[in-house]
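What follows is a set of notes on a single structure, which appears directly below.
The values are calculated or read from the model by the stated rules, or taken from the named source; none is laboratory data. Quick caveat: nothing in here was measured; it's all calculated off a predicted structure. Note that we place each Cβ from the backbone using ideal geometry, even for glycine, and neighbour counts take in every protein chain shown. With ligands, DNA and RNA removed, areas are computed over all heavy atoms of the protein, side chains included. Shrake-Rupley method; radii C 1.70, N 1.55, O 1.52, S 1.80 Å.
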Amino acid sequence: EFLQQLEALHSDGVSHILLGATPYEHKVFVPSFSRHFPAAKVWAVPDQWSFPVDLPSPLLGIDTKGSGGGDLVDTAGGSAAYAGAPDLTSEFEVKLLHPRRRLGLGYAANEAALLHKDTKTLALTDALVNVPSAPTRVYDE
């Protein structure tokens, strides 16, 4: 259904595929979108993980380096990968939200917040649900 909606836009195609969070339910669609849009650069927040076996991202079908993309990190800090994507960085500002330590079972709760510069639209996924002003006690354990 989503692909039909994209086709209805009559655009020139998809240039970038962004994996802005680490949970499984967010990454499951990246491989199929990468195959459907082979020219698109794939970007993913660092510290991707899988359960029950923590496999490297390429084995999960998430190929950031081979696609010409890279880690989805703060654009303010720049990166070699961002240097090859001026269309992305001119349109979006990226801020990486991440805890200082990994959580249980090696889970990294990383998420990218994206700001569309022209419209001032902020795009989030899980962080939108609840961002407490201080880490909860569970986080500290």
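Which of these, Leu72, Leu114, Leu122, has the largest mean-square fluctuation under a Gaussian network model of the chain (Cα springs below 10 Å)? For the chain, modelled as a Gaussian network with Cα springs under 10 Å, the answer is Leu122. Around Leu96, with a cut-off of 11 angstrom between Cβ atoms, what is the net charge of the other residues, counting Lys and Arg +1 and Asp and Glu -1? Net of charged neighbours comes to -3.
Its DSSP H runs of at least 4 residues, each contributing -39,500 (n - 2.57), put the calculated 222 nm mean residue ellipticity of the chain at -5000 deg cm²/dmol, to the nearest 500.
When the chain is treated as a Gaussian network with alpha carbon springs shorter than 10 Å, the biggest mean-square fluctuation among Thr89, Thr121, Thr64 belongs to Thr121.
Which trypsin sites (Lys or Arg not before Pro) in segment 58-125 sit in a loop by DSSP (not H, G, I, E or B) and have at most 15 other Cβ atoms within 10 Å of their own Cβ?
Working: sites: Lys65, Lys95, Arg100, Arg101, Arg102, Lys117, Lys120; in loops: Arg100, Arg101, Arg102, Lys117, Lys120.
Counting only loop positions with at most 15 other Cβ atoms within 10 Å, the trypsin sites (Lys or Arg not before Pro) in segment 58-125 are Arg100, Arg101, Arg102, Lys117, Lys120.
State the dimensionless ratio Rg/Rh of the chain (Rg: radius of gyration of Cα atoms; Rh: Kirkwood radius). Before the final figure, lay out each step's value.
Details: Rg = 15.7 Å, Rh = 16.2 Å.
On the Cα set of the chain, Rg over Rh gives 0.97.
At a probe radius of 1.4 angstrom, the accessible area of the chain per residue rounds to 65 square angstrom.
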